[in-house]
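This report concerns only the one structure given below.
The values are calculated or read from the model by the stated rules, or taken from the named source; none is laboratory data. Just so you know, these numbers come straight off a predicted model, no measurement behind them. Cβ: placed from backbone, ideal geometry, glycine included. Neighbour counts: every protein chain shown. Areas reflect the complete protein model, heavy atoms only, side chains present, ligands, DNA and RNA absent. Shrake-Rupley method; radii C 1.70, N 1.55, O 1.52, S 1.80 Å.
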Amino acid sequence: MSKIINPRLFSQQFGVPKADIDKAGFLDPLLNADTKLFIDPLLLRKSGNATLRTKGVAAFRKRTADIVSLLMASPTNSGPAWTAALRLLDLHERRETCLGYGGAGTSGSSRPDGLKTRILNTTRDIVKLGVTNPEIIGLMGIFEDDVGPDTISDMTTNSLLGVLQEITLGFCSKYSIPTGKFIWGWRSMSCPLTPS
């Protein structure tokens, strides 16, 4: 495993008292290495953060419902609906969250299209059996090999990026933490300016 050189916490980087981060119910992550934690979509509705409980759940449900709708419109693994479902099932690790299995960095990773294809095919098969809850995608770790908490977390994170940004920017505004723009797909988003 890689060694973390000069570990730097969010609280240290921005001069925010750790007690204030704890009081807000937030994680004080390392900014130059991944924190070995993952977002479980099935726990969003139990979050202590009201924005995650409402907007977060809604964002995740919308993304998964859109994927299921596209799968039902695409009986085969080809065509525009299939391509759109593949695109919506975003399994890239977001380096901005500092979550994952990375050692001495937060560079993130992606999953092969073959894994995405298996997840989508299994989801379509389950929905054809009559399971209509779109959150079934969050349970793929039960049904598919090579789908662990990190993969489910990355899928969830990509569904929640706008909500996570809203929560983060609210905290940054309160503490005058500088933010900058980064590109996510076709969108420009803001986040704290962290060390490279």
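Which ones in the range 1-25 are in a helix (DSSP H, G or I), under 24 Å from THR156 (Cβ atoms) and open to solvent by 60 Å² or more (accessible area, probe 1.4 Å)?
Taking the range 1-25 and keeping what is in a helix (DSSP H, G or I), we get 10-14, 18-24.
Filter once more, keeping what is under 24 Å from THR156 (Cβ atoms): 10, 21-22, 24.
Once the filter is applied, which keeps residues that are in a helix (DSSP H, G or I), under 24 Å from THR156 (Cβ atoms) and open to solvent by 60 Å² or more (accessible area, probe 1.4 Å), the range 1-25 yields only ASP22.
Do the conditions hold for LYS46, that is, is it loosely packed, with under 15 Cβ neighbours inside 10 Å, out of contact with any Gly (no Cβ under 6 Å at 6 or more places or on another chain) and without any contact (Cβ under 8 Å) to a residue 12 or more places away in the chain? Steps first, please.
Details: loosely packed, with under 15 Cβ neighbours inside 10 Å: yes; out of contact with any Gly (no Cβ under 6 Å at 6 or more places or on another chain): yes; without any contact (Cβ under 8 Å) to a residue 12 or more places away in the chain: yes.
For LYS46, the condition - loosely packed, with under 15 Cβ neighbours inside 10 Å, out of contact with any Gly (no Cβ under 6 Å at 6 or more places or on another chain) and without any contact (Cβ under 8 Å) to a residue 12 or more places away in the chain - is met.
I want to confirm something. Restricting to the range 41-93 and keeping residues that are assigned to a loop (DSSP other than H, G, I, E, B) and touching a Ser or Thr at 6+ places or on another chain (Cβ under 7 Å), which single residue is farthest from LEU120 (Cα to Cα)? Step through it out loud before you land on a result.
Filtering the range 41-93 down to residues assigned to a loop (DSSP other than H, G, I, E, B) leaves 47-49, 73-79, 89-93.
Checking which are touching a Ser or Thr at 6+ places or on another chain (Cβ under 7 Å) leaves us with 77, 91-93.
On the way: ASN77: 9, LEU91: 12, HIS92: 16, GLU93: 19 Å.
So, considering only residues that are assigned to a loop (DSSP other than H, G, I, E, B) and touching a Ser or Thr at 6+ places or on another chain (Cβ under 7 Å), the one farthest from LEU120 (Cα to Cα) is GLU93.
In the range 7-19, the residues that are without any contact (Cβ under 8 Å) to a residue 12 or more places away in the chain reach residues that are in a loop (DSSP other than H, G, I, E, B) with C-beta atoms within less than 6 angstrom, at least six apart or across chains, in these pairs: LYS18/ASP28. For PHE38, the requirement of being under 19 Å from LEU52 (Cβ atoms), surrounded by 14 or more Cβ atoms within 10 Å (Cβ to Cβ) and in contact with a strand residue (DSSP E or B) (Cβ under 9 Å, 6 or more places away or on another chain) is met. Residue check: ASP28 meets all listed conditions (1) under 14 Å from the mean Cα position of the chain (by Cα); (2) assigned to a loop (DSSP other than H, G, I, E, B) but one, namely (1).
Quick one: which residue in THR132, THR151, THR157 is over 20 Å from ASP28 (Cβ atoms), open to solvent by less than 20 Å² (accessible area, probe 1.4 Å) and either at pLDDT 85 or above or out of contact with any Leu (no Cβ under 7 Å at 6 or more places or on another chain) (or both)? So the residue among THR132, THR151, THR157 that is over 20 Å from ASP28 (Cβ atoms), open to solvent by less than 20 Å² (accessible area, probe 1.4 Å) and either at pLDDT 85 or above or out of contact with any Leu (no Cβ under 7 Å at 6 or more places or on another chain) (or both) is THR151. Taken over the range 57-94, the criterion of being polar (S, T, N, Q), touching a residue at least 40 places away in the same chain (Cβ under 8 Å) and open to solvent by 20 Å² or more (accessible area, probe 1.4 Å) is satisfied by ASN77 alone.
Based on what the data block shows, is SER107 modelled with pLDDT under 90 and open to solvent by 40 Å² or more (accessible area, probe 1.4 Å)? So SER107 fits the description; yes.
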